[in-house]
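Below: one structure, written as structure tokens.
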Amino acid sequence: MRTKIALLHGLCCLATLALAVCPVPAHAQSPASIHQATLVEPDQKTKEVSTEELRHILAEKGATVFDARPFKEYAISHIPGAVNVSAKPGVPMSLYVSDVAEIGRVLKGDKATPIILYCNGPFCGKSKRLAAELLDAGYRNVRRYRLGTPVWRALGGVTQIEPAGIKHVIENDRTAVLIDARDAAEFKAGSIPSAKNLPRGLVREGKDVGEVKAAKDDGRLPMEDHNTRIIVFGKTAEQAKAVAEAIAKEAFHNVAFLDGGLEQFRAALQR
């Protein structure tokens, strides 16, 4: 028994010494919150950014953020502030990659400028392929948001829909919910058929309060399927985005807003 106790004491001492001499690497330590998490994929040539870092970068315009997906997918739903370029010619869709030459035109040839890439999350290879091609082309400041749009949405982030995506969604997603964020009087004067009114002026800070709570109770919001696509438009982009963010905070995971007003929505349907 004394021998076993001595052995356990010795192992504990060795473990303590190992932690003191060889501390856990910073990249292996747990993040303070899920918003600071990254995928920590091994042997990658580009660094990752967390959701929190990406939000700061977008707010401060600290880098050019590229959506590495095809244009239609970008147009239907993308992280606000991201840009998109055309595909590399001659590449099959299964190996889709954006055209580095087009990125060069967007950046005016500046290969030192900060770049962030993202696509459809951990199992999407588009941003990885694009990062490799950018490095080969001499770009020196490339990072990736590996968690992509799925985690962005899961953590309460809204996306933006382009006019080019409006018609596609209306024609192909019969379950989509349209929310008009304008005042009730403006809504009654005319809106998009099937749209429901959730006025920005009645939205309050917090969860399960104000008009958003009422919309959950009266059927304006799809309470039996929180993955339903919800598109918000308003008088201005700011108005639409504010209502979209309030809806996303109620655990709706697929909320997009239009950077434009009612007339732009109507024009998109006529394309």
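Results for (1) in the same structural domain as residue 105 (by the TED database); (2) under 18 Å from the mean Cα position of the chain (by Cα); (3) closer than 27 Å to residue 50 by Cβ; (4) open to solvent by 20 Å² or more (accessible area, probe 1.4 Å), shown as yes or no for each residue.
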residue: 139; (1), (2), (3), (4): yes, no, yes, no
residue: 169; (1), (2), (3), (4): no, no, no, no
residue: 179; (1), (2), (3), (4): no, no, no, no
residue: 186; (1), (2), (3), (4): no, no, no, yes
residue: 206; (1), (2), (3), (4): no, no, yes, yes
residue: 209; (1), (2), (3), (4): no, no, no, yes
Legend entry - Residue check, residue 267 in contact with a Pro (Cβ under 8 Å, 6 or more places away or on another chain) and over 17 Å from residue 181 (Cβ atoms): yes
Inset, instruction - Kindly provide the set of residues from the range 63-90 that are in a helix (DSSP H, G or I), touching a helix residue (DSSP H, G or I) at 6+ places or on another chain (Cβ under 8 Å) and charged (D, E, K, R), ordered by number. - result: 72
Inset, instruction - Determine whether the range 69-78 contains at least one residue that is among the hydrophobic types (A, V, I, L, M, F, W, C), assigned by the TED database to the domain that holds residue 126 and crowded, with 19+ Cβ neighbours inside 10 Å. - result: yes
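So that you can scan it fast, the table gives a plain yes or no per residue for (1) more than 18 Å from the chain's Cα centre (by Cα); (2) over 19 Å from residue 222 (Cα atoms):
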position: 122; (1), (2): no, yes
position: 131; (1), (2): yes, yes
position: 157; (1), (2): no, no
position: 165; (1), (2): no, yes
Inset, instruction - Would you mind stating whether residue 111 is in contact with a Phe, Trp or Tyr (Cβ under 6 Å, 6 or more places away or on another chain), open to solvent by 40 Å² or more (accessible area, probe 1.4 Å) and not small (Gly, Ala, Ser)? - result: yes
Inset, instruction - Would you mind telling me which numbered condition in (1) surrounded by 21 or more Cβ atoms within 10 Å (Cβ to Cβ); (2) under 28 Å from residue 43 (Cβ atoms); (3) free of Cβ contacts under 8 Å to residues at least 40 places away in the same chain residue 150 fails? - result: (1)
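The values are calculated or read from the model by the stated rules, or taken from the named source; none is laboratory data. Note that the structure is a prediction, hence the values are computed from the model and not measured. Reconstructed Cβ throughout: ideal geometry from the backbone, glycine too, with neighbour counts over all protein chains shown. Just so you know, the surface numbers come from the protein's heavy atoms only, side chains and all, with ligands and any DNA or RNA stripped out. Shrake-Rupley method; radii C 1.70, N 1.55, O 1.52, S 1.80 Å.
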